[in-house]
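This report concerns only the one structure given below.
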Amino acid sequence: MHDIINAIILGIIEGLTEFLPVSSTGHLLVGENLLGLPDNKWEAFTIVIQFGAILSVVAVYWRKFWDVLVGLPTSPEARQFAINVLVAFIPAAILGATVFKYLKEYLLQPSIAMPFIGACWLIGGVIILILERLAPKPRFTDGDNLPFAKALQIGFCQCLSLIPGVSRSGATILGGEMLGVDRKAGAAFTFYLAVPTMFGATVYDLYKEWHTLSGGDTTNIAVGFVVSFVVAYFVVKTFIAFIGKYGLKPFGWYRIVTGAALLAWLFLK
């Protein structure tokens, strides 16, 4: 029963943070630490439940993905959409396959992982507040039909999220804003881009960690998967409207407060 409760908590954390500019990796790591969970048992679990978050995007935008799939042979707009998502995915895919494992092994060492995450949250929050004020007036307002160059540039922005503690959605939405992409359009494109990016990263990580799973983990994984899907579904459904009204500043302040609190806790511990 204790493991089921842990699975629910981690599922909620994954669902809430995967698509918000707050770093799901950092929150899961801190959550596992606070719960006292052994890495060798729960690392593969947290990888698998990401599929729930991925599926939530597909569920929310199924009509868009279906229309693109059906329209690929005949529709220039569908082909352009698919090309944009593909080219935006490629930079992080190449960089992730070559250097991510080294970044992860070094930056997530037990002795530096928690303070590094806290520093990333704090610094990232300050950067959000600054760049939100400096962002130029948006010139591109349709996330479904971004110019090829803008899609590629957002793809390069996504590479920053390979650093643990840097949010993928934060890097792409904020990067898009600095490139003249409307915040809501950038968020929509970020959701589309999340599907191949997260799917590829999750499959790769799961391949590496599959041996750590056991038959006894099935129930925990199922619970975490469902919880992650349900929570992420509501986040995806409401996020664009939220940032359209309030911007990214609330997340910037959240990162500053939680980052400072984590660093203070580690210092006083």
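Relative to the longest principal axis of the Cα atoms of the chain, the long axis of helix 62-71 lies at roughly 50 degrees. Translational diffusion of the range 92-142, estimated by Stokes-Einstein from the Kirkwood radius over alpha carbon pairs at 4 °C in a medium of 1.567 mPa s, is 95 µm² per second. Between LEU86 and LEU268, the contour length at 0.36 nm per residue exceeds the alpha carbon distance by 60.9 nm. Taking the square roots of 5 times each eigenvalue of the Cα gyration tensor of the range 111-269, largest first, gives ellipsoid semi-axes of 28, 23, 15 Å.
Here the scattering of the range 92-188 is modelled by Debye summation over its C-alpha atoms, one equal scatterer each and no solvent; at q = 0.11, 0.16, 0.20, 0.22 Å⁻¹ the log10 of I(q)/I(0) is -0.37, -0.72, -0.97, -1.08. Helix 113-134 and the long axis of the chain differ in direction by around 30°, with both axes built from C-alpha atoms.
The fraction of all Cα pairs in the chain landing in successive 10 Å bins from 0 to the largest distance is 7, 30, 37, 21, 5, 0, 0, given as whole percents. Seen against the Cα atoms of the chain and their longest principal axis, helix 168-178 is set at about 40 degrees. Computed on the Cα trace of the range 1-141, the radius of gyration divided by the Kirkwood hydrodynamic radius gives Rg/Rh = 1.03.
Read-outs: derived from the displayed coordinates by stated rules, not from any lab. Computed from a predicted model, the values in this text were never measured in an experiment.
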